[in-house]
Amino acid sequence: MVAFERWPEDESLPLYLDSDADHRLQEWMVPTVTDDAQLLRNRAIVAYFPGRGTRAAGYATAARCCRRCTSAC
């Protein structure tokens, strides 16, 4: 089945942060000793997306879909 698939030609171009914004984001994702559980979770979630190459919007769309479906996602 994969042999008959083609790479999409209408994919959007990736957008990258400028160097300053990227540096600030990377600094923010590093946990500190004063972080509570909620802030640690938030940092981990933010770090998860660029590490996987996904966007938060994609996750939100998938989460909405999973809430609507009747089977486990």
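Each value in this text was obtained by applying a stated rule to the coordinates, not by laboratory testing. This one's a predicted model, so the numbers in the text were calculated from it and none came from an experiment. Cβ atoms come from the backbone with ideal geometry, glycine included; neighbour counts cover every protein chain shown.
For the pair GLU27 and PHE49, a Förster radius of 25 Å applied to the C-beta separation gives a FRET efficiency near 0.90, rounded to the nearest 0.05.
Suppose the chain between THR34 and ASP10 were pulled fully straight at 0.36 nm per residue; how much longer would it get relative to their current alpha carbon spacing? Mind dumping the intermediate values first?
Numbers: separation 24, 0.36 × 24 = 8.64 nm, distance 4.52 nm.
Stretched fully, the THR34-ASP10 segment lengthens by 4.1 nm.
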